[in-house]
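Let me begin by presenting the structure, written as structure tokens, before commenting on it.
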Amino acid sequence: MRWFRNFLVTLLLGFNFSAIGQSLSDQGQVLLLTCGPGDELYSTFGHTAIWVSDPQLGIDKVYNYGTFDFDTPNFYLKFCQGELDYFLNVTSSERFVASYQYEKRWVKYQLLDLEQVDKNAIFQYLETNSQPDNRSYRYRFLTDNCSTRPRDVFESVLGERLVYPRNEGDTASYRHILDLYLTGHPWSDLGIDIALGKPCDAIPNQRERMFLPDFLMNYVDGATLDGRPLVKTKGDIISDSPHSSIAPNKINWIFWTVFIVAMIASLFLPAKALRWFDVAFFLSVGVIGILIALLWFVTSHAETKMNFNLFWATPTWIYGAWLLIRNRPISRFFKIHSTLMFSIVVFWIFIPQDFHAAAMPIILTLAVRSWAWQKKRFHLKPKST
């Protein structure tokens with residue numbers, strides 16, 4: 001009848017019956033699970049969960065802070081505005097691991113060396129957090145996510161007895177840390193870099209670096225509790241598996257090639273020769289500028305505030321595209337914008353934000369093409385009425 005008992009335990013866990021007040025036996029264990037990145041963008045940064053296991057009591061619960069509900073009213077609007085709530089989901093280890101086996105992503109475990117009272121305190125903390133009134137929280141990518149929540153659980157229960165290793169020499173910013181995970185997604189890397197503002201150029205301290213699962217795993221691995229190592233044993237549940245990657249510098253070469261072609265054309269051809277290229281290019285940059293402005297001024301995303309990419313990706317480029325579509329002989333617009341673009345290039349090092357490497361050829365292309373439209377007043381003939 002063992003199969004029936006296992007089936008019954010899994011069924012009860014599926015309904016998430018509360019175990020508040022229940023104590024773990026001597027066989028109870030608390031493990032930190034770290035999951036590797038996948039091929040899809042949403043899985044690029046990995047994942048973290050806490051596993052509480054007690055074979056004697058039939059307890060097998062994985063606490064996962066990284067879930068959300070697609071049925072949430074106005075889901076997409078809330079997601080874009082940064083107002084979407086995530087929640088703590090509880091499932092069995094079998095179901096949790098099966099999903100990562102399907103995606104061919106590695107899963108590592110760290111068995112924590114805890115006294116019985118600490119195991120029970122963590123278990124009760126998680127059970128209380130998993131109740132309907134407590135399980136939701138406002139997701140924040142850098143400060144409150146599936147990785148920082150387990151960190152907070154351990155800190156809340158273990159207090160100052162928990163000491164993480166020092167790493168004073170790490171001066172990488174949030175942006176540079178994220179770049180490490182996006183080498184296989186160059187276009188997404190460009191989009192994310194453009195969308196993120198100056199706050200992401202801050203250098204996170206030791207505790208703040210744990211916003212990513214890999215960093216939390218490494219800090220836990222070197223942590224001590226009451227002077228002894230926090231991790232008792234560690235290993236693989238699912239071994240490493242390769243994932244596809246794309247050379248990160250290819251995208252930069254694309255934009256540098258576009259700039260070189262645009263510069264040659266601007267020097268030796270009349271501006272109207274690339275009229276429709278300029279329409280598409282200016283229009284695209286203007287739309288990007290609108291999105292940057294919305295992320296800065298309309299949403300609650302702290303990471304997208306103070307975004308100086310708006311200096312070059314200004315929405316006014318849409319007006320420039322409209323001028324070319326309408327054959328309007330106005331050079332003042334392009335003179336102002338070419339001056340602005342060249343100024344950004346000259347004062348690049350003084351801008352208090354780290355731009356994506358592809359931003360430079362984009363800005364230069366904007367500069368030379370807007371310069372081409374006003375350098376010798378190569379205007380299109382106005383449409384007759």
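The values are calculated or read from the model by the stated rules, or taken from the named source; none is laboratory data. Not measured: the values here are computed from a predicted model. FYI the Cβ positions are ideal-geometry reconstructions off the backbone, even for glycines, and counts take in every protein chain you see.
Tabulated data
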{"quantity": "Hey, Ala49 among the aliphatic types (A, V, I, L, M), assigned to a helix (DSSP H, G or I) and not assigned by TED's automatic domain parsing to the domain that holds Phe297 or not", "calculated": "no"}
{"quantity": "Considering residues of the stretch 163-217 that are β-branched (Val, Ile, Thr) and closer than 23 Å to Ser300 by Cα only, the residue surrounded by the most Cβ atoms within 10 Å (Cβ to Cβ)", "calculated": "Ile194"}
{"quantity": "The one condition in (1) assigned to a helix (DSSP H, G or I); (2) in contact (Cβ under 8 Å) with a residue 60 or more places away in the chain that Tyr137 fails to fulfil", "calculated": "(1)"}
{"quantity": "Any pair with Cβ under 8 angstrom, 6 or more apart, that starts in the stretch 176-200 at a residue that is in contact (Cβ under 8 Å) with a residue 60 or more places away in the chain and ends at one that is of a type in the set (Lys, Arg)", "calculated": "Pro186/Lys250; Asp193/Arg175; Leu196/Arg175; Gly197/Lys305; Lys198/Lys305; Pro199/Lys305; Cys200/Arg175"}
{"quantity": "Within the stretch 236-352, helices (runs of 4 or more DSSP H) holding 2 or more residues that are at pLDDT 95 or above and within 30 Å of Glu40 (Cα to Cα)", "calculated": "250-268, 275-297"}
